[in-house]
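J.: A single structure is presented below for examination.
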Amino acid sequence: MSTDRDRERTRAAVLESAERLLTERGTRVSVAEVAAAAGVSKSGLLHHFPSKDALLLAVAEHGLATFKAEVLRHVDLAENRPGKVLRAYVRTLCGGSPRAMAVFSPSTLWTGLTAVPGMGPITAADAEDWRGTFARDGLPEARSLVVRHAAEGLAAAAGMPPYLDERELAVARDALLDLAEPDA
(Lines give C-alpha, C1' and ligand atoms only; values in the text may rest on other atoms or scores of the structure.)
Protein backbone atom coordinates (compact mmCIF):
# COMPACT_ATOMS: atom_id res chain seq x y z
CA MET A 1 0.00 0.00 0.00
CA SER A 2 2.74 2.45 0.96
CA THR A 3 4.68 1.50 -2.18
CA ASP A 4 1.67 2.37 -4.36
CA ARG A 5 1.34 5.76 -2.63
CA ASP A 6 5.07 6.40 -3.09
CA ARG A 7 4.78 5.45 -6.76
CA GLU A 8 1.80 7.81 -7.20
CA ARG A 9 3.60 10.64 -5.38
CA THR A 10 6.72 10.17 -7.50
CA ARG A 11 4.67 10.12 -10.70
CA ALA A 12 2.79 13.28 -9.65
CA ALA A 13 6.04 15.07 -8.73
CA VAL A 14 7.58 14.16 -12.09
CA LEU A 15 4.50 15.32 -14.02
CA GLU A 16 4.32 18.61 -12.10
CA SER A 17 8.02 19.27 -12.60
CA ALA A 18 7.87 18.35 -16.28
CA GLU A 19 4.87 20.63 -16.86
CA ARG A 20 6.58 23.54 -15.12
CA LEU A 21 9.86 23.07 -17.01
CA LEU A 22 8.08 22.58 -20.33
CA THR A 23 6.15 25.78 -19.76
CA GLU A 24 9.36 27.65 -18.94
CA ARG A 25 11.69 26.19 -21.58
CA GLY A 26 9.71 24.12 -24.06
CA THR A 27 10.46 20.59 -25.21
CA ARG A 28 14.22 21.22 -25.16
CA VAL A 29 14.20 20.29 -21.47
CA SER A 30 15.98 17.01 -20.75
CA VAL A 31 14.79 13.98 -18.81
CA ALA A 32 17.69 14.54 -16.37
CA GLU A 33 16.53 18.12 -15.71
CA VAL A 34 12.97 16.94 -15.04
CA ALA A 35 14.24 14.20 -12.72
CA ALA A 36 16.38 16.69 -10.77
CA ALA A 37 13.47 19.14 -10.45
CA ALA A 38 11.21 16.33 -9.23
CA GLY A 39 13.78 15.13 -6.71
CA VAL A 40 14.19 11.69 -8.28
CA SER A 41 17.01 9.98 -10.11
CA LYS A 42 16.98 9.80 -13.89
CA SER A 43 16.61 6.02 -13.65
CA GLY A 44 13.71 6.52 -11.23
CA LEU A 45 12.00 8.79 -13.73
CA LEU A 46 12.64 6.31 -16.55
CA HIS A 47 11.05 3.58 -14.42
CA HIS A 48 7.76 5.52 -14.64
CA PHE A 49 8.25 6.93 -18.14
CA PRO A 50 10.52 4.80 -20.36
CA SER A 51 11.37 7.63 -22.75
CA LYS A 52 11.17 11.39 -23.09
CA ASP A 53 8.28 11.00 -25.54
CA ALA A 54 6.42 8.81 -23.03
CA LEU A 55 6.92 11.51 -20.41
CA LEU A 56 5.70 14.23 -22.77
CA LEU A 57 2.62 12.20 -23.69
CA ALA A 58 1.89 11.61 -20.00
CA VAL A 59 2.21 15.37 -19.35
CA ALA A 60 -0.26 15.99 -22.18
CA GLU A 61 -2.75 13.42 -20.88
CA HIS A 62 -2.43 14.81 -17.36
CA GLY A 63 -2.90 18.36 -18.62
CA LEU A 64 -5.99 17.48 -20.63
CA ALA A 65 -7.52 15.62 -17.68
CA THR A 66 -6.70 18.52 -15.34
CA PHE A 67 -8.28 20.99 -17.78
CA LYS A 68 -11.49 18.94 -18.02
CA ALA A 69 -11.67 18.59 -14.23
CA GLU A 70 -11.22 22.35 -13.90
CA VAL A 71 -14.12 23.00 -16.28
CA LEU A 72 -16.33 20.52 -14.43
CA ARG A 73 -15.51 22.26 -11.12
CA HIS A 74 -17.01 25.42 -12.63
CA VAL A 75 -20.33 23.71 -13.42
CA ASP A 76 -23.07 25.34 -11.36
CA LEU A 77 -25.27 22.44 -10.29
CA ALA A 78 -28.05 24.92 -9.46
CA GLU A 79 -28.33 25.66 -13.18
CA ASN A 80 -30.91 23.06 -14.09
CA ARG A 81 -31.13 23.95 -17.79
CA PRO A 82 -29.27 23.13 -21.00
CA GLY A 83 -25.82 24.65 -21.50
CA LYS A 84 -24.44 24.39 -17.99
CA VAL A 85 -21.20 22.70 -19.13
CA LEU A 86 -20.75 25.29 -21.88
CA ARG A 87 -21.26 28.09 -19.35
CA ALA A 88 -18.70 26.41 -17.07
CA TYR A 89 -16.29 26.25 -20.01
CA VAL A 90 -16.75 29.99 -20.58
CA ARG A 91 -16.31 30.80 -16.89
CA THR A 92 -13.18 28.65 -16.71
CA LEU A 93 -11.51 30.14 -19.79
CA CYS A 94 -12.61 33.73 -19.28
CA GLY A 95 -11.09 34.50 -15.92
CA GLY A 96 -12.12 31.61 -13.69
CA SER A 97 -8.88 29.66 -13.94
CA PRO A 98 -5.53 31.18 -14.87
CA ARG A 99 -4.09 27.69 -15.34
CA ALA A 100 -6.87 26.71 -17.75
CA MET A 101 -6.53 30.01 -19.60
CA ALA A 102 -2.81 29.34 -20.01
CA VAL A 103 -3.61 26.20 -22.04
CA PHE A 104 -4.72 28.47 -24.88
CA SER A 105 -1.94 31.02 -24.51
CA PRO A 106 0.26 31.35 -27.60
CA SER A 107 3.33 30.67 -25.45
CA THR A 108 1.93 27.51 -23.88
CA LEU A 109 3.74 24.21 -23.49
CA TRP A 110 1.17 22.71 -25.90
CA THR A 111 2.90 24.33 -28.86
CA GLY A 112 5.84 21.93 -28.62
CA LEU A 113 3.84 18.91 -27.52
CA THR A 114 1.80 18.75 -30.71
CA ALA A 115 4.86 17.45 -32.59
CA VAL A 116 5.50 14.54 -30.19
CA PRO A 117 4.91 11.15 -31.86
CA GLY A 118 1.72 9.64 -30.46
CA MET A 119 0.12 12.98 -29.61
CA GLY A 120 -2.44 12.83 -32.44
CA PRO A 121 -4.53 10.02 -30.94
CA ILE A 122 -4.47 11.66 -27.50
CA THR A 123 -5.75 15.01 -28.76
CA ALA A 124 -8.24 13.29 -31.10
CA ALA A 125 -9.70 11.33 -28.18
CA ASP A 126 -9.87 14.50 -26.07
CA ALA A 127 -11.59 16.42 -28.88
CA GLU A 128 -14.11 13.62 -29.34
CA ASP A 129 -14.76 13.54 -25.58
CA TRP A 130 -15.47 17.29 -25.59
CA ARG A 131 -17.74 16.91 -28.64
CA GLY A 132 -19.76 14.30 -26.77
CA THR A 133 -19.83 16.38 -23.60
CA PHE A 134 -21.16 19.43 -25.44
CA ALA A 135 -23.63 17.36 -27.48
CA ARG A 136 -25.14 16.06 -24.22
CA ASP A 137 -25.23 19.61 -22.82
CA GLY A 138 -28.44 20.31 -24.72
CA LEU A 139 -27.69 23.41 -26.80
CA PRO A 140 -27.67 23.61 -30.61
CA GLU A 141 -24.34 22.48 -32.02
CA ALA A 142 -23.67 25.70 -33.96
CA ARG A 143 -24.16 27.90 -30.91
CA SER A 144 -22.07 25.61 -28.75
CA LEU A 145 -19.21 25.64 -31.28
CA VAL A 146 -19.21 29.43 -31.61
CA VAL A 147 -19.32 30.05 -27.86
CA ARG A 148 -16.73 27.37 -27.08
CA HIS A 149 -14.19 28.57 -29.61
CA ALA A 150 -14.82 32.22 -28.77
CA ALA A 151 -13.99 31.42 -25.13
CA GLU A 152 -10.77 29.72 -26.26
CA GLY A 153 -9.89 32.78 -28.35
CA LEU A 154 -10.51 35.08 -25.41
CA ALA A 155 -8.25 32.92 -23.23
CA ALA A 156 -5.52 33.22 -25.86
CA ALA A 157 -6.01 36.99 -26.22
CA ALA A 158 -5.92 37.45 -22.45
CA GLY A 159 -2.39 36.01 -22.52
CA MET A 160 -1.27 38.75 -24.92
CA PRO A 161 -1.76 42.11 -23.20
CA PRO A 162 -2.59 44.88 -24.08
CA TYR A 163 -5.02 43.49 -26.67
CA LEU A 164 -7.63 42.43 -24.13
CA ASP A 165 -7.90 44.06 -20.72
CA GLU A 166 -9.83 42.73 -17.71
CA ARG A 167 -12.88 44.91 -18.34
CA GLU A 168 -13.11 43.78 -21.96
CA LEU A 169 -12.67 40.15 -20.92
CA ALA A 170 -15.55 40.53 -18.44
CA VAL A 171 -17.78 42.14 -21.10
CA ALA A 172 -17.00 39.36 -23.58
CA ARG A 173 -17.44 36.64 -20.92
CA ASP A 174 -20.89 38.00 -20.03
CA ALA A 175 -21.89 38.08 -23.71
CA LEU A 176 -20.77 34.46 -24.17
CA LEU A 177 -22.61 33.39 -21.02
CA ASP A 178 -25.77 35.01 -22.43
CA LEU A 179 -25.27 33.12 -25.70
CA ALA A 180 -24.86 29.88 -23.74
CA GLU A 181 -28.39 30.15 -22.38
CA PRO A 182 -31.06 27.92 -23.94
CA ASP A 183 -33.32 30.84 -24.84
CA ALA A 184 -30.61 33.01 -26.45
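The values are calculated or read from the model by the stated rules, or taken from the named source; none is laboratory data. Since we're looking at a predicted model, the values are computed, not measured. In this analysis, Cβ positions are derived from the backbone assuming ideal geometry, glycine residues included, and neighbour counts consider all displayed protein chains. For the accessible areas, the whole protein counts, side chains as well, though only heavy atoms, and no ligand, DNA or RNA atoms are used. Shrake-Rupley method; radii C 1.70, N 1.55, O 1.52, S 1.80 Å.
J.: Quick one: accessible area per residue over the chain, 1.4 Å probe, rounded to a whole number of Å²?
T.: On a per-residue basis, 54 Å².
J.: Also, quick follow-up: Can you tally the net charge around residue 169? Count Lys and Arg as +1, Asp and Glu as -1, for every other residue whose Cβ sits under 14 Å from the Cβ of residue 169.
T.: Local net charge: -2.
J.: Sort 89-95, 56-62, 7-13 for me by packing, meaning the mean count of neighbouring Cβ atoms within 10 Å per residue, highest on top.
T.: Highest to lowest by the protection proxy: 89-95, 56-62, 7-13.
J.: Choose one of 50, 86, 60: the residue whose Cα lies farthest towards the positive end of the charge dipole of the stretch 1-88 (beta-carbon charges +1 Lys, Arg; -1 Asp, Glu; about the Cα centre).
T.: Sorting the options by dipole projection puts first 86.
J.: What does the charge dipole of the stretch 93-184 about its Cα centre add up to, to the nearest 20 debye, if the Cβ of each Lys and Arg holds +1 and the Cβ of each Asp and Glu holds -1?
T.: 240
J.: Further question: Which entry in (1) 1.03; (2) 1.01; (3) 1.08 is this structure's computed Rg/Rh (Cα atoms, Kirkwood Rh)?
T.: (1)
J.: Count charges around residue 116 for me, please; just the other residues with Cβ under 15 Å from its Cβ, Lys/Arg as +1, Asp/Glu as -1.
T.: Working: positive: 28, 52; negative: 19, 53, 61, 126.
For residues surrounding residue 116, the net value is -2.
J.: Now a separate question. Listed highest first by mean packing, meaning other Cβ atoms within 10 Å per residue, what order do 79-86, 45-52 come in? Present the calculation step by step, with values, prior to reporting the outcome.
T.: Values: 79-86: 18.0, 45-52: 15.9.
Output ranking for 79-86, 45-52: 79-86, 45-52.
J.: I need the phi-derived Karplus couplings for the stretch 163-179: 6.51 cos²θ - 1.76 cosθ + 1.60, θ = phi - 60°, integer Hz, Gly and Pro marked x.
T.: 6, 9, 8, 4, 5, 5, 4, 5, 4, 5, 4, 4, 5, 5, 4, 4, 5
J.: What does the charge count near residue 33 come to, summing +1 for each Lys or Arg and -1 for each Asp or Glu among other residues with Cβ under 15 Å from its Cβ?
T.: Net charge in that neighbourhood comes out at +2.
J.: How large is ³J(HN,Hα), in whole Hz, for each residue of the stretch 45-62 in order, when computed from phi with the Karplus curve 6.51 cos²θ - 1.76 cosθ + 1.60 and θ = phi - 60°, using x for Gly and Pro?
T.: Ordered by residue, 3J(HN,Hα) equals 5, 5, 5, 7, 9, x, 8, 4, 4, 4, 5, 4, 5, 5, 4, 4, 4, 5 Hz.
J.: Let me ask another. Straight-line reach from residue 52: which lysines fall under 18 Å, measuring Cα to Cα and dropping same-chain residues less than 8 apart?
T.: Hits, sequence-local ones excluded: 42.
J.: Still on this structure: Would you please report the Å³ per residue occupied by the convex hull of the alpha carbon atoms in the stretch 12-90?
T.: With only Cα atoms used, the stretch 12-90 gives 100 Å³ per residue.
J.: Choose one answer from 120, 159, 96: the residue with the largest mean-square fluctuation in a GNM of the chain with alpha-carbon springs under 10 Å.
T.: Fluctuation is largest for 120.
J.: What ³J(HN,Hα) values, in whole Hz, does the Karplus curve 6.51 cos²θ - 1.76 cosθ + 1.60 give for the stretch 63-69 when θ = phi - 60°, with x put for Gly and Pro?
T.: x, 5, 5, 5, 4, 4, 4
J.: Calculate the dipole size of the stretch 3-113 relative to its Cα centre from +1 charges on Lys and Arg beta carbons and -1 charges on Asp and Glu beta carbons; express the result in debye to the nearest 20.
T.: 180
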